[in-house]
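The values are calculated or read from the model by the stated rules, or taken from the named source; none is laboratory data. Computed from a predicted model, the values in this text were never measured in an experiment. Ideal geometry is used to build each Cβ from the backbone, glycine not excepted, and the neighbour counts take in all protein chains shown. Remember, those area values only see protein heavy atoms, side chains included, never the ligands or the DNA or RNA. Shrake-Rupley method; radii C 1.70, N 1.55, O 1.52, S 1.80 Å.
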Amino acid sequence: DLILRGHDQITIDGPIYLVVDGNINLGADTAIVVNENASLEIHVEGNVSLDGSIVNNSRLPSKVAIIGTNTDTRSIILRGDNALYGAVYAPNSDFYAYGYESTRDIFGAIVARKVTFDNTTNFHFDTSLREAGFAPPAAPFLCIRLRTSFERHCLNAFLHKSRKLRRPPNSRRMILMG
């Protein structure tokens, strides 16, 4: 699981390929910030709940992707009023977007089993994503497999302390599994 709480923030400074075997839960007032020259591709097996934000500083939807790898029905839920610039490819998941008080804008593309927007959500399809494809990372890369809840706890503690994910030297991608 990847869980952010309080005012936790992770900053992405390079091309990051993140694999989460469990769920993703970004609490209110948390953020994953993707810097302008960075990119983030998240492959997630479980449910995704985003009360916090994925901030794409480039505002290019091709720089952020959430890919559901599940074979059974899961859910991806976006809550709040923050804009999302990114692509969601989760053909076996139900996708929901709910705003709170103001309008939520989504710029990009969504492929899901079912898509539901409330009346405060505006969706803007990015035609540049028509031909988008997702491929495994190019080698070399760093792969971390988290097998126990203690290992996941240690990674979350590290991420919360450092608040940054950077690609390792001489590496194109970082993969976190677990």
### Message
Suppose we filter N70, N56, N37 for residues that are open to solvent by 60 Å² or more (accessible area, probe 1.4 Å) and free of Cβ contacts under 8 Å to residues at least 60 places away in the same chain; which single one remains?
### Response
N37
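Would you check if S102 is in contact (Cβ under 8 Å) with a residue 60 or more places away in the chain, open to solvent by 30 Å² or more (accessible area, probe 1.4 Å) and of a type in the set (S, T, Y)?
No.
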### Pairs, first of a type in the set (S, T, Y) in the range 4-15, second surrounded by fewer than 18 Cβ atoms within 10 Å (Cβ to Cβ) and not in a loop (DSSP other than H, G, I, E, B), C-beta under 6 Å, six or more apart
T11/K164
### Message
One residue is enough: does the range 107-117 have a residue meeting the conditions open to solvent by 70 Å² or more (accessible area, probe 1.4 Å), at pLDDT below 95 and not in a strand (DSSP E or B)?
### Response
no
### Task
Could you run through the range 42-82 and say how many residues are over 14 Å from T30 (Cα atoms) and not in a strand (DSSP E or B)?
15
### Message
Just the residues that are in a strand (DSSP E or B) and under 24 Å from I16 (Cβ atoms), please, taken from the range 83-104.
### Response
L84, Y85, G86, A87, V88, Y89, A90, P91, N92, S93, F95, A97
